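Inspection log for the structure reproduced underneath, given as structure tokens.
The values are calculated or read from the model by the stated rules, or taken from the named source; none is laboratory data. Quantities reported herein were computed from a predicted structural model and do not represent experimental measurements. Positions of Cβ are backbone-derived with ideal geometry, glycine not excepted, and every protein chain shown enters the neighbour counts. All accessible areas refer to the heavy atoms of the entire protein, side chains included, with ligands and DNA or RNA removed. Shrake-Rupley method; radii C 1.70, N 1.55, O 1.52, S 1.80 Å.
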Amino acid sequence: MKPAVIAMPSNEQLADDLAARLPLERIAATVRRFPDGESHVRVEAPAEARNALIVCTLDRPDDKLVPLFLLAAAVREAGAHSVGLVAPYLAYMRQDRRFNPGETISAQHVAAWISRAFDWLVTVDPHLHRISNLSQVYSIPSSVVHASYSVAEWVRAHVRNPLLIGPDEESAQWVSEVAKDADAPFVVLTKARRGDREVEVSVPEIERWRLHTPVLMDDIVSTARTMIATVGHLRRAGLAAPVCVAVHAVFAQTAFEDLRAAGAGDIVSCDTIRHPSNRISLAPGIAAVVRTQLLDAAKQDRRFELRDITA
Ligand code: R5P
């Protein structure tokens with residue numbers, strides 16, 4: 001029997017795409033709120049004797065996590081052998097340290113809750129900084145899809161004479177990869193964040209790149225203060241309006257408009273979070289990794305037919 005794929009609300013496109021690329025059967029689920037604000041979930045078909053996966057990107061996570069956990073439980077109770085999670089954006093990874101006394105390391109707690117509810121996890125470029133590997137906080141098997149090759153392809157096809165720019169030290173890991181695949185030079189800036197919305201960046205001798213098109217790249221754009229500070233720095237140094245590329249287009253409140261108003265050129269993102277800036281599709285890469293994850297689940301579960309996902 002084919003594995004089942006279930007979409008949380010607003011994740012139907014990726015669920016359909018995965019069902020089309022892999023032999024998965026789409027199963028409907030209802031997720032709604034009771035008048036008192038509590039969640040009600042229902043799986044609309046039996047999931048007996050099959051492996052299942054739920055697609056739910058986790059931006060704005062606080063509203064999504066309770067119904068997601070309930071849905072995972074409902075799918076299991078409907079008979080699924082295993083339940084995986086495909087979360088193209090993985091929330092809470094930036095809260096990876098106790099920054100002030102009295103705080104908690106949220107990344108660890110959210111990872112523990114997800115690990116309890118699911119059997120495996122597939123995500124796209126999680127924010128790995130002080131946590132260097134998902135297995136440090138997730139106790140279930142996890143696989144990561146990297147956006148760098150798809151971003152590099154987009155840059156190669158759309159930007160003349162690009163210079164890749166990373167706004168901070170963490171970004172060096174993915175900016176260097178994109179630069180290599182796009183056959184372009186790159187620089188990494190130094191960032192100081194003084195608050196949620198207060199960011200300063202600097203880079204020595206940026207002026208020497210004036211003949212290039214700057215391509216500013218970050219994994220997450222949330223308030224966009226990091227990008228806005230960088231755009232200002234580049235414009236003052238006489239560089240052209242930069243193309244801004246986000247893997248995860250969180251864009252909190254007015255961040256997208258603020259970035260535009262700050263002098264960004266084109267603003268482009270991968271489709272891990274639905275947003276008008278989405279221009280780079282990661283569905284093929286996600287499907288490839290999900291296939292491997294399902295094969296692993298199948299190997300551990302002899303009742304499940306390997307040919308259902310290798311066909
Ligand atoms: C942080 O280290 C990340 O890589 C991003 O630079 C950060 O999340 C961007 O946040 P914001 O858009 O709020 O400046």
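Details
- Positive contributions from Lys and Arg (+1) and negative ones from Asp and Glu (-1), summed over other residues with Cβ under 13 Å from the Cβ of S150, come out at -3.
- The chain: relative contact order as a whole-number percent, Cα under 8 Å and 6+ apart: 14 percent
- Summarising the label geometry, the points placed 7 Å from Cα in the beta-carbon direction at F99 and A172 lie 2.2 nm from one another.
- Other residues lying with their Cβ under 14 Å from the Cβ of W209 contribute a combined charge of +3, Lys and Arg counting +1, Asp and Glu -1.
- Between A112 and R26, the modelled labels are 3.8 nm apart [label points 7 Å from Cα along Cα→Cβ].
- For A252, the shell of other residues with beta-carbons less than 11 Å away shows a net charge of 0, using +1 for Lys and Arg and -1 for Asp and Glu.
- Just the protein heavy atoms count here, and of the accessible area of the stretch 148-280 at 1.4 Å, carbon and sulfur take up 47 percent.
- Scanning residues 5 or more positions from L189 or on other chains, those with amide H under 5 Å from its amide H are G166, D168, with H placed 1.01 Å from N in the peptide plane.
- Based on DSSP H segments of at least four residues, each scored -39500 (n - 2.57), the chain has a per-residue ellipticity at 222 nm of -10000 deg cm²/dmol.
- Cross-link partners for K299 among the lysines, with Cα-Cα distance under 28 Å and sequence neighbours closer than 8 places in the same chain left out: K2.
- A Förster radius of 35 Å combined with the Cβ-Cβ distance from N161 to V66 puts the calculated FRET efficiency at roughly 0.10.
- The stretch 148-280 - accessible surface per residue (Å², probe 1.4 Å): 45 Å²
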